[in-house]
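Written below as structure tokens is the structure these notes are about.
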Amino acid sequence: MNNTTKTINRALLNKVLNTIKINAFTLKSINLALNSIIKESTLLNKISWFTYAHKLKTWLNSAIDSDTLPFTPFTLGNEKLPFLSWSTCPGINCPGAGLCWNNGRGYCYSLKAWRYPAAFFRQLQNTILENTHFGRAIILQHLDRLQDLPKFKKLDHITLRLFVDGDFSSLENLKFWMNAIKARPKLKVYGYSKSLHFFKQLNESGYVWPENYVLNGSSGSKFENTETALYVSKLPIYRGEFKTMYVTKETLTAWKTQELKPIHTNELKQQNKKYFICPTKCGDCTKIGHACGNNEVFKNVTIVIPAH
Ligand code: SF4
């Protein structure tokens, strides 16, 4: 071990994930992927990557005698996003992704999470769980146990952001989550999805959507401005669009420091549409709660977030 400056490169992580997916999540393909990461982390002297890859590998290859997982499947939030959240790997779970992914070279913010080995391996563990019946049962056990924690038990509802990273990877996966949400009315779940074709297919099958799920349209989808997007925008669970707007550096800085003046907000205006500028911290979003999860007051309001 001799190199401390380089880190595990995104191209390698993307390649191993693609290989796992092509091989339909077989144990052999996951082990081979983890071996590549272990080898690279040894060469680069990246102890955390080495340790976490081993942790996941040990769990995968042990006899299962409990639902204990190597990484906490749901995270409990931070100052920016103080909600329960669920993530899987970006890219391999995003069949609706367009330019945002671009085979791991796009602007997807989830790629930034790959600087942190714990985030990457949590995403991988959760992706593995979502891909088997047994894994999905474990997800539900963890979700129910969380609902029973004293800090959540006293609340009248629990907010869950579904897919901070990743997306609905298949029709089966979408149905699994929608059924799970419907069976747990205490949860208030919201998210952003580009897997719009699955929403359309599920709706066409006559599916009754949960009342406690809110979908935001997300820019960068390959379905943007298509019949599929128009169809999904009419579903009862659809709140409205969440849109990234490219602005000047000055406007972005003013937004980050929350000192927006009319000269800045003009850049974010939406012609002939009701709009709301994302105020950065979901926990303090509005006096009536966070806008993205509110399908009544913010119905059909385009929420804009600046970028440069
Ligand atoms: S609009 Fe509010 S809820 Fe939506 S991302 Fe921004 S701060 Fe979070």
>> I'd like the residue in the range 278-295 that is touching a strand residue (DSSP E or B) at 6+ places or on another chain (Cβ under 9 Å) and more than 8 Å from the ligand (Cβ to nearest atom) and, out of all such residues, is nearest to Tyr238 (Cα to Cα).
In response: Asn295
> Taking the range 1-25 only, how many residues are modelled with pLDDT of 95 or more and over 27 Å from Gly106 (Cβ atoms)?
Replying inline: 0
>> With the requirement that a residue be away from the ligand (no atom under 12 Å from the Cβ), of a type in the set (Val, Ile, Thr) and touching a residue at least 24 places away in the same chain (Cβ under 8 Å), what does the range 248-277 give you?
In response: Thr248, Thr251
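Do the conditions hold for Phe25, that is, is it within 27 Å of Leu171 (Cβ to Cβ) and either within 16 Å of the ligand (Cβ to nearest atom) or not assigned by TED's automatic domain parsing to the domain that holds Leu162 (or both)?
Considered against the rule, which asks whether it is within 27 Å of Leu171 (Cβ to Cβ) and either within 16 Å of the ligand (Cβ to nearest atom) or not assigned by TED's automatic domain parsing to the domain that holds Leu162 (or both), Phe25 comes out as yes.
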>> Any residue that is modelled with pLDDT under 95 and within 30 Å of Asn203 (Cβ to Cβ) - is there at least one of those in the range 245-259?
In response: yes
> Does Lys175 qualify as being at pLDDT 95 or above, in contact with a strand residue (DSSP E or B) (Cβ under 9 Å, 6 or more places away or on another chain) and not hydrophobic (A, V, I, L, M, F, W, C)?
Replying inline: no
> Among the residues of the range 76-99 satisfying the criterion of being surrounded by fewer than 21 Cβ atoms within 10 Å (Cβ to Cβ) and away from the ligand (no atom under 16 Å from the Cβ), which is farthest from Phe223 (Cα to Cα)?
Replying inline: Leu76
>> Which of the numbered conditions does Val232 fail, given that it passes all the others? Conditions: (1) more than 16 Å from the ligand (Cβ to nearest atom); (2) touching a Lys or Arg at 6+ places or on another chain (Cβ under 9 Å); (3) in contact (Cβ under 8 Å) with a residue 60 or more places away in the chain.
In response: (3)
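Residue-by-condition table, conditions (1) over 25 Å from Phe199 (Cβ atoms); (2) assigned by TED's automatic domain parsing to the domain that holds Lys194; (3) modelled with pLDDT of 95 or more:
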residue: Thr228; (1), (2), (3): no, no, yes
residue: Pro236; (1), (2), (3): no, no, yes
residue: Thr265; (1), (2), (3): yes, no, no
residue: Gln271; (1), (2), (3): yes, no, no
residue: Pro279; (1), (2), (3): yes, no, no
residue: Ile305; (1), (2), (3): no, no, no
> So, in the range 134-162, of the ones that are part of a loop (DSSP other than H, G, I, E, B) and among the acidic types (Asp, Glu), which residue ends up surrounded by the most Cβ atoms within 10 Å (Cβ to Cβ)?
Replying inline: Asp148
> Residue check: is Phe71 hydrophobic (A, V, I, L, M, F, W, C) and surrounded by 17 or more Cβ atoms within 10 Å (Cβ to Cβ)?
Replying inline: yes
>> For the list (1) at pLDDT 95 or above; (2) crowded, with 16+ Cβ neighbours inside 10 Å, I need the number of the one condition that Gly217 fails.
In response: (1)
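The values are calculated or read from the model by the stated rules, or taken from the named source; none is laboratory data. These numbers were taken from a predicted model, which means no experiment stands behind them. Quick reminder, even Gly has a Cβ in these numbers, built from the backbone with ideal geometry, and neighbours come from all protein chains shown.
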